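The values are calculated or read from the model by the stated rules, or taken from the named source; none is laboratory data. This is a predicted model, so every value here is computed, not measured. Cβ placement follows ideal geometry from the backbone for every residue including glycine, while neighbour counts extend to all protein chains displayed.
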Amino acid sequence: MSASSILVMVIGMVLVWGGLAASIFHAVNTGRKKRSSNATNNL
Amino acid sequence: MERSQWGTRAGFIMAAVGSAVGLGNIWRFPYVAFDNGGGAFFIPYLFALLTAGIPILILEFTIGHKYRGSAPLSFFRMGGKKLEWLGWWAVFVSFVISVYYAVIIAWAMRYTIFSFNQAWGTDTQDFLFNEFLQLTVSPGQTGGVVWGVFIPLVLVWIITLGILLAGVQKGIEMANRIFIPTLVIIFLAVVIRAVTLDGAALGLEAFFQPDFSAIMEPSVWVAAYGHIFFSLSVAFAIMITYSSYLPKKSDITNNAFITGFANSSFELLAGIGVFAALGFMATQEGVAVADVAAGGVGLAFVVFPQIINEFPSFNGLFGFLFFLSLTLAGLTSLMSITETYVAGFTEKFGISRRKAVLFGGGLAALISILFATQGGLFFLDLADYFINQFGVAAVGLVEVILVVWVFRKADLLKAHANEISDINLGAWWKVSLGIITPIVLGYMMFGLLKMNILQEFDTETGNYEGYSNMFTLSGGVAVASAAIVFGILFSIAKWHKNQNEYDERS
């Protein structure tokens with residue numbers, strides 16, 4: 001494969017799969033924060 | 001009566017992803033990308049995802065969540081009778097799609113079995129059209145029922161309606177929680193095997209080689225927006241219906257980002273797998289990848305069986321996994337398409353879910369027999385073209401214009417989404433919905449209308465695929481028109497008094 005094809009493939013994977021990973025990470029992270037804040041409020 | 005609700009956030013996301021990920025991700029995206037600049041296509045594609053796909057997903061998730069109803073009820077609550085027809089139009093577009101989509105899943109199901117001994121033989125094209133589909137009649141003629149398609153079709157409808165009868169949480173959510181991880185694992189296995197074949201690098205080179213001059217052409221941008229639009233299950237009434245089952249506290253915006261990126265992630269994976277396999281086939285036959293590249297039915301049911309024939313080992317297993325992934329991707333989409341009219345009928349007429357599934361799904365199943373006849377492929381091809389271009393795309397265009405410009409609900413919906421979501425919507429959302437999407441979709445629709453009305457297709461008759469005027473009018477134009485006519489007629493009927501049992505959210 002040529003260097004330009006490899007570069008496009010890597011950038012495409014980083015943007016698309018990275019976008020998915022970031023949005024899932026955000027959901028998990030905020031979900032965890034909300035749960036711990038609810039637990040604190042219930043003390 | 002308690003309104004159905006998703007059990008978990010993950011369950012909703014799986015169902016939304018299951019709806020978006022369908023046959024098009026596997027057989028449409030790879031060829032569209034290859035045909036429109038290769039690797040350079042990612043630029044308009046990602047731009048379209050962020051300025052049309054995800055913004056419309058957020059819009060539909062917000063409408064469903066705020067107004068807590070199927071598409072017709074949500075639009076009725078938003079703008080009364082003046083807007084309800086739009087919801088029914090989207091529902092009837094979905095109804096039409098479900099009747100032929102089920103047939104394609106039936107083909108995939110049958111090919112899953114054919115894979116074990118490569119029953120398609122060496123001439124896969126002849127097998128598909130002459131032996132399997134028995135396409136011996138002219139366009140517009142039905143011929144007899146093809147039992148080899150009819151029997152798996154019955155099975156497809158039994159599975160789909162069985163899942164819908166079990167309800168939202170125990171049926172749709174549970175099925176997607178099983179089907180989606182299974183699909184991802186199976187498809188990963190297919191892709192890993194494909195990229196380790198001889199010549200795979202040649203295929204990947206063809207798929208990713210960027211032709212940056214292509215992104216200066218408007219047609220490439222239209223292709224990118226068109227693909228994103230058809231791929232994400234927006235303007236089908238699906239996402240409105242699915243989000244209406246969300247609990248009050250739901251992060252709408254991030255759910256839309258996860259759904260949009262998950263759909264794109266799967267189709268990128270599909271592009272890698274499909275072109276790696278095409279590279280293998282081109283190497284075996286000593287031709288260029290462009291000579292074997294194809295999309296749609298031809299790719300799945302003609303080219304892939306050829307690739308499976310040429311496999312060095314485990315041909316049957318590879319074929320089984322490939323067609324099983326097509327079947328699973330199709331089933332998760334079909335159940336979401338069918339749910340749109342099940343929910344619509346339940347709320348409008350106050351009937352039980354069971355009756356709505358048996359009546360709506362049963363009627364769709366009966367009509368789908370037309371596509372399981374000897375001339376079914378012609379009907380399917382024409383209905384698919386017209387309902388997508390003048391159904392889905394038209395609903396999407398009218399939806400953004402009415403919601404943003406005529407009824408001016410964008411600020412209200414933005415406020416609702418921001419109140420419950422972690423990511424706040426900025427000006428980009430309104431600009432994307434109110435300006436970019438209508439311009440691109442409007443330009444696309446204008447081109448399509450011009451091409452069809454002036455008969456500018458490069459065919460003998462000037463019509464799509466060279467079909468006769470009579471067949472084009474009766475099998476395509478009439479079907480697309482019927483969706484809007486039924487939409488208007490259903491909106492005239494009175495709502496059942498119980499539709500206010502589950503109020504909209506403040």
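Scanning the stretch B:215-226 for residues that are part of a helix (DSSP H, G or I) and either away from chain A (no Cβ under 14 Å) or farther than 18 Å from B:N25 by Cα (or both) returns B:I215, B:M216, B:P218, B:S219, B:V220, B:W221, B:V222, B:A223, B:Y225, B:G226. Here's a check for you: in the stretch B:192-214, which residue that is away from every other protein chain (no Cβ under 11 Å) and not in a helix (DSSP H, G or I) is farthest from B:G286 (Cα to Cα)? Among those residues, the one meeting the criterion is B:T196. The combined condition, being closer than 24 Å to B:Y100 by Cβ and of a type outside the set (K, R), is fulfilled by B:A356.
Working carefully through the options B:G391, B:G361, B:G319, find the one that is buried (at least 21 other Cβ atoms within 10 Å of the Cβ), under 30 Å from B:I435 (Cα atoms) and touching a helix residue (DSSP H, G or I) at 6+ places or on another chain (Cβ under 6 Å).
B:G391
Taken as a whole, the condition of being within 19 Å of B:S432 (Cβ to Cβ) and not hydroxyl-bearing (S, T, Y) does not apply to B:L86. The number of residues in the stretch B:37-78 being farther than 17 Å from B:L397 by Cα and small (G, A, S) comes to 8. Figure legend. Inter-residue proximity from the stretch B:163-190: first residues at positive phi, second residues surrounded by 17 or more Cβ atoms within 10 Å (Cβ to Cβ) and part of a helix (DSSP H, G or I), beta-carbon distance below 8 Å, spacing 6+ or different chains. Indicated pairs: B:G167/B:R353.
Being touching a Ser or Thr at 6+ places or on another chain (Cβ under 6 Å), surrounded by fewer than 18 Cβ atoms within 10 Å (Cβ to Cβ) and at pLDDT 95 or above is the requirement here; does B:V154 meet it?
Answer is no for this residue.
Looking at the stretch B:227-247, which of the residues that are within 14 Å of chain A (Cβ to nearest Cβ) and farther than 30 Å from B:G447 by Cβ is surrounded by the most Cβ atoms within 10 Å (Cβ to Cβ)? Ranking the qualifying residues of the stretch B:227-247, first place goes to B:L246. Taking the conditions exactly as written (at pLDDT below 95 and either farther than 29 Å from B:G148 by Cα or surrounded by 19 or more Cβ atoms within 10 Å (Cβ to Cβ) (or both)), does B:S421 satisfy them or not? Spelling it out, B:S421 is indeed at pLDDT below 95 and either farther than 29 Å from B:G148 by Cα or surrounded by 19 or more Cβ atoms within 10 Å (Cβ to Cβ) (or both). Among the helices (runs of 4 or more DSSP H) confined to the stretch B:277-377, the ones with at least 3 residues that are out of contact with any Asp or Glu (no Cβ under 6 Å at 6 or more places or on another chain) and at pLDDT below 95 are located at B:289-292, B:304-309, B:315-349.
Yes/no matrix, rows are residues, columns are (1) of a type in the set (A, V, I, L, M); (2) modelled with pLDDT of 90 or more; (3) surrounded by fewer than 19 Cβ atoms within 10 Å (Cβ to Cβ):
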| residue | (1), (2), (3) |
| --- | --- |
| B:V431 | yes, yes, yes |
| B:I439 | yes, yes, yes |
| B:N463 | no, yes, no |
| B:Y467 | no, yes, no |
| B:A480 | yes, yes, no |
| B:A493 | yes, yes, yes |
| B:H496 | no, no, yes |
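With respect to B:D198, is the statement that it is in contact with a Gly (Cβ under 9 Å, 6 or more places away or on another chain) and crowded, with 21+ Cβ neighbours inside 10 Å true? In short, no.
When the test is whether a residue is over 23 Å from B:G18 (Cβ atoms), away from every other protein chain (no Cβ under 14 Å) and either aromatic (F, W, Y) or touching a residue at least 40 places away in the same chain (Cβ under 8 Å) (or both), B:L135 passes it. What helices (runs of 4 or more DSSP H) lie completely within the stretch B:413-506 and have 2 or more residues being under 24 Å from the mean Cα position of the chain (by Cα) and farther than 22 Å from B:Y100 by Cβ? Where helices (runs of 4 or more DSSP H) fall fully within the stretch B:413-506 and carry at least 2 residues being under 24 Å from the mean Cα position of the chain (by Cα) and farther than 22 Å from B:Y100 by Cβ, they are B:437-453. Candidates in the stretch B:68-80 are the residues that are surrounded by fewer than 24 Cβ atoms within 10 Å (Cβ to Cβ) and either among the hydrophobic types (A, V, I, L, M, F, W, C) or in contact with a helix residue (DSSP H, G or I) (Cβ under 8 Å, 6 or more places away or on another chain) (or both); of these, the one that is farthest from B:I258 (Cα to Cα) is B:G79.
Filtering the stretch B:315-359 to residues that are small (G, A, S) and within 16 Å of B:S4 (Cβ to Cβ) leaves B:S336, B:A343, B:G344, B:G350, B:S352, B:A356. So which residues in the stretch B:443-477 are among the aliphatic types (A, V, I, L, M) and out of contact with any Phe, Trp or Tyr (no Cβ under 9 Å at 6 or more places or on another chain)? Those that are among the aliphatic types (A, V, I, L, M) and out of contact with any Phe, Trp or Tyr (no Cβ under 9 Å at 6 or more places or on another chain): B:I453, B:L454, B:M470, B:L473. What residue, among those in the stretch B:229-263 that are of a type in the set (G, A, S) and farther than 23 Å from B:R77 by Cα, is modelled with the lowest pLDDT? Among those that are of a type in the set (G, A, S) and farther than 23 Å from B:R77 by Cα, it is B:S231.
For (1) surrounded by 24 or more Cβ atoms within 10 Å (Cβ to Cβ); (2) among the hydrophobic types (A, V, I, L, M, F, W, C), each residue gets a yes or a no:
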position: B:S4; (1), (2): no, no
position: B:G11; (1), (2): no, no
position: B:G18; (1), (2): yes, no
position: B:L23; (1), (2): no, yes
position: B:Y31; (1), (2): no, no
position: B:G38; (1), (2): no, no
position: B:T51; (1), (2): no, no
position: B:G64; (1), (2): yes, no
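Confirm whether B:G37 is under 18 Å from A:G12 (Cβ atoms), at pLDDT below 95 and of a type outside the set (K, R). So B:G37 passes the test. The residues listed here are B:G38, B:G53; of these, the one that is within 17 Å of the chain's Cα centre (by Cα) and within 14 Å of chain A (Cβ to nearest Cβ) is B:G53.
Among the residues of the stretch A:1-39, those identified as facing chain B (nearest Cβ under 7 Å) and either farther than 30 Å from B:V289 by Cβ or touching a residue at least 40 places away in the same chain (Cβ under 8 Å) (or both) are A:S23, A:I24, A:H26, A:A27, A:T30.
Given the criteria more than 18 Å from the chain's Cα centre (by Cα) and either assigned to a loop (DSSP other than H, G, I, E, B) or over 26 Å from A:A22 (Cβ atoms) (or both), does B:L246 qualify? Lay out the reasoning, then the answer.
On the way: more than 18 Å from the chain's Cα centre (by Cα): yes; either assigned to a loop (DSSP other than H, G, I, E, B) or over 26 Å from A:A22 (Cβ atoms) (or both): yes.
It is true that B:L246 is more than 18 Å from the chain's Cα centre (by Cα) and either assigned to a loop (DSSP other than H, G, I, E, B) or over 26 Å from A:A22 (Cβ atoms) (or both).
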